[in-house]
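Okay, structure first, notes after.
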């Protein structure tokens, strides 16, 4: 099965929701804001390694990425979509 990922805007301009076509993240909410906290989840560590990504929230069939104020979604999203498709798909 191919995992489809769709970026959706949120009311917060510094956050974007990545909707997944399947519930691959489990029923327990998880939040990551640094590499040490994401060490057990390589996909989260790779998302946090993208310049401008400040935090990741994950639950069931979606992720929410929060960026730093000066970062651009145009630079972040292609890399984030690639990580999610490769690591979770």
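Summary of computed values
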| quantity | calculated |
| --- | --- |
| Theoretical ellipticity at 222 nm over the chain - DSSP helices of four or more residues, -39500 (n - 2.57) apiece, nearest 500 | -8000 deg cm²/dmol |
| The stretch 5-88 - percent relative contact order, Cα under 8 Å, separation 6 or more | 31 |
| Fewest-first ranking of 21, 55, using other Cβ atoms within 10 Å as the exposure measure | 21, 55 |
| Between the stretch 57-88 and the stretch 1-47, the Cα center-to-center distance that results, in Å | 6 |
| The stretch 10-31 residues near the modelled residue 81 label - backbone nitrogen below 16 Å, point 7 Å along Cα→Cβ | 10, 16-21 |
| Cα-projected label distance for residue 40 with residue 59, points at 7 Å along beta-carbon direction, nm | 1.9 |
| Extension gain, residue 74 back to residue 6 (0.36 nm per residue minus Cα-Cα distance, nm) | 23.0 nm |
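Each reported figure results from applying straightforward, stated rules to the coordinates on display, with no laboratory input. Because the structure is predicted, anything quoted here is derived from the model rather than measured. When we count neighbours, we look across all protein chains shown, and the Cβ atoms used for this are built from the backbone with ideal geometry, even at glycine.
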